[in-house]
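The structure appears right after this line, and notes come after that.
Just so it is clear, none of the values below were taken in a lab; they were calculated from the coordinates. It should be emphasised that the depicted structure is a prediction, and the values quoted were computed from it without experimental measurement. So basically every Cβ, Gly included, is an ideal-geometry build from the backbone, and we count neighbours across all protein chains shown.
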Amino acid sequence: MGPAPLTAPETASTSVITILALVLGSSVVAGALGHILTGLRAGATVRRDRYAAAVKVLVARIEYPYRIRRRTSDDPEVLSTLAITGHDLQETLAESRAWIATESTVLSEQCAS
């Protein structure tokens, strides 16, 4: 003899459990996807901000020789300020190049040339 046929209450409880499992499963999947997408957006925001900062440093580096030429005097204080600015630019530029090297090989090769 085969298995006993299911009665109406057993079929209804099985359907409720199946529906409940699907609802809970879909909300867990939706939550996980939401978390992943939020993380991706945050990472993209950080990268965008870092690239913007790198461009800002490059523009400042390009402008630096003009600052030297347009200085208002040769006083030690003015020259010292220019030297400090130059050192800060070199340090920030080196940090940006290192970050870009870890982020993108293609851009890193462009920065090196």
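Size of segment 51-96: Rg and Dmax of its alpha carbons, in Å, are 11.5, 36. Placing pseudo-labels 7 Å out from each Cα toward the beta carbon at THR102 and ALA53 gives an inter-label distance of 1.2 nm.
Look at the dipole of segment 10-112 built from charges on Cβ: of GLY86, ILE68, SER27, the Cα furthest out on the positive end belongs to ILE68. Given their separation in residues at 0.36 nm each and the Cα-Cα distance between them, ARG71 and THR85 gain 3.8 nm when the chain is fully extended.
Divided by 2.2 N^0.38 Å, where N counts the residues, the Cα radius of gyration of segment 10-112 comes to 2.10.
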